[in-house]
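Worksheet for the structure shown next.
The values are calculated or read from the model by the stated rules, or taken from the named source; none is laboratory data. These numbers come from a predicted model, not from an experiment. Here the Cβ is made from the backbone with ideal geometry for all residues, glycine too, and neighbour counts use every protein chain on show.
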Amino acid sequence: MRPILAVSPFRPLGGLALWAAIAAATAAPTARYDLGTGRLSLGGLALTGAVQPACFDVELITHTPDPLVVELESAAPVACPATPSATFDVPTGTLQIARVSLTGGAQTVCYTATLNTRSTAPLRLALSAATPLACNPPEPTTRRFKGEVWADNWFALYLGETLVAEDSVPITTERSFNAETFQFEASYPLELNFVLKDYKQNDSGLEYIGAPNQQIGDGGMIMQITDLQTGKVVAVSSSAMRCTVLHKAPLNPSCEKDRNPSSTCLFRNLPEPAGWKSPDLDLSGWEAATVYSAAEVGPKEGYFGVTWDPTARFIWTSDLRLDNTLLCKLRVPG
Ligand SMILES: [Ca+2]
Ligand SMILES: [Ca+2]
């Protein structure tokens, strides 16, 4: 089925209310015509030629297939984007759609389209021209985000494969408790990939070796990501994160007070799985992050300087003490 059909008599619109009803535009420049339902959705139509530009999201419904006549079903005012996907020129009564995708057929087809007004009550449009286009998806919109992370003892955050932030205190520091606040540019979806490390003096998994307080240290992490365009927290640490353990020690916790724990404590240390930062990674072998209370983690310096969203929780894998190096992933659809 071709979307277009005949050149229809041109007839400009009369009243401001009607132009306003049809003029429209949104930030995502995509118009869609669904063959199955006959709906033409203009996610961004700008009114031009008026004293003041006005923008709307518009929904039109097909009336007859030949020539294609559509009627305005709804129109909602929206903010005017810099480059609207569709424009309605008030003096000429011409509706131009930069890109309309035809769905509901065997395959999606895209066109640029021009429609002329046919009648005013209810508003009807007849498609007078359409040019096939490649169906390229719209460019993702880049936004600015703020990240806040408190880790016992160290973290690195990758956005996909790209390092975004790293704990400023090296993991070789025995007592390192600090929060990091940082900003980064990204577009949804966000693929958050964390490396988390609890401090250990060596592969024994112990800290303060040889001192009276020689012990098995524990971990913990809390984080939140804020979309600075909306001011909303869009990601937090929770059981929605999926994690896997790379370094675990001691496997025999009874070695904790041994005089030579570096010899007697057993450990397991796995390499990072190939491609673990990929959004397509099979997470079936990864565990859901375990949520811990503040009392269990015992947050220290840095944690108290951040206003945490109530949904942000302390997480780690299932063993706060023996699991020393983790990888954790979270996808934020946006
Ligand atoms: Ca530990
Ligand atoms: Ca620790």
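Just need a number here: residues in region 291-308 that are hydroxyl-bearing (Ser, Thr, Tyr), surrounded by 14 or more Cβ atoms within 10 Å (Cβ to Cβ) and farther than 21 Å from Asp167 by Cβ.
0
Give region 315-334 a look and list any residue that's touching a Lys or Arg at 6+ places or on another chain (Cβ under 7 Å) and either polar (S, T, N, Q) or outside any strand (DSSP E or B) (or both), or say none.
Within region 315-334, Leu322, Asn324, Thr325 meet the criteria.
Collect the residues in region 212-257 that are within 16 Å of ligand 1 (Cβ to nearest atom), in a loop (DSSP other than H, G, I, E, B) and either touching a Pro at 6+ places or on another chain (Cβ under 9 Å) or more than 30 Å from Glu191 (Cα to Cα) (or both), keeping them in residue-number order.
Asn213, Gln214, Gly220, Pro250, Leu251, Asn252
Is region 318-331 home to any residue that is away from ligand 1 (no atom under 16 Å from the Cβ) and surrounded by fewer than 18 Cβ atoms within 10 Å (Cβ to Cβ)?
Yes: one or more hits.
Within region 171-206, restricting attention to residues that are aromatic (Phe, Trp, Tyr) and within 16 Å of ligand 1 (Cβ to nearest atom), which residue is farthest from the chain's Cα centre (by Cα)?
Tyr199
Please go through region 297-314 and give me each residue that is touching a Phe, Trp or Tyr at 6+ places or on another chain (Cβ under 7 Å), under 30 Å from Asn252 (Cα atoms) and either modelled with pLDDT of 95 or more or assigned to a helix (DSSP H, G or I) (or both), ordered by number.
Within region 297-314, Val297, Phe314 meet the criteria.
Output the residue which, of all residues in region 263-272 that are within 15 Å of ligand 1 (Cβ to nearest atom) and surrounded by fewer than 17 Cβ atoms within 10 Å (Cβ to Cβ), is nearest to Val195 (Cα to Cα).
Asn269
Filter region 258-296 down to the residues that are hydrophobic (A, V, I, L, M, F, W, C) and in a strand (DSSP E or B) and list them by number.
Hits for region 258-296 are Ala288, Val291.
For (1) surrounded by fewer than 20 Cβ atoms within 10 Å (Cβ to Cβ); (2) at pLDDT 95 or above; (3) within 24 Å of Thr317 (Cα to Cα), each residue gets a yes or a no:
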residue: Asn178; (1), (2), (3): yes, no, yes
residue: Phe184; (1), (2), (3): yes, yes, no
residue: Pro189; (1), (2), (3): yes, no, no
residue: Leu192; (1), (2), (3): no, yes, yes
residue: Val195; (1), (2), (3): no, yes, yes
residue: Gly205; (1), (2), (3): no, yes, yes
residue: Met221; (1), (2), (3): no, yes, yes
residue: Gln224; (1), (2), (3): no, yes, yes
residue: Val234; (1), (2), (3): yes, yes, yes
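Look at Thr142 and say whether it is under 28 Å from Pro333 (Cα atoms), at pLDDT below 95 and of a type in the set (Ser, Thr, Tyr).
Working: under 28 Å from Pro333 (Cα atoms): yes; at pLDDT below 95: yes; of a type in the set (Ser, Thr, Tyr): yes.
Against the criterion (under 28 Å from Pro333 (Cα atoms), at pLDDT below 95 and of a type in the set (Ser, Thr, Tyr)), Thr142 qualifies.
Check Gly220 against each of (1) within 15 Å of ligand 2 (Cβ to nearest atom); (2) at negative phi; (3) small (Gly, Ala, Ser) and name the one condition it does not meet.
Answer for Gly220: the failing condition is (2).
So in region 153-170, with the set limited to residues that are outside any strand (DSSP E or B) and surrounded by 20 or more Cβ atoms within 10 Å (Cβ to Cβ), which one is nearest to ligand 1 (Cβ to nearest atom)?
Of all residues in region 153-170, those outside any strand (DSSP E or B) come to 153, 160-161, 167-170.
Applying the additional criterion that residues be surrounded by 20 or more Cβ atoms within 10 Å (Cβ to Cβ) yields 153, 167.
Details: Asn153: 9, Asp167: 16 Å.
Per the criteria, the residue is Asn153.
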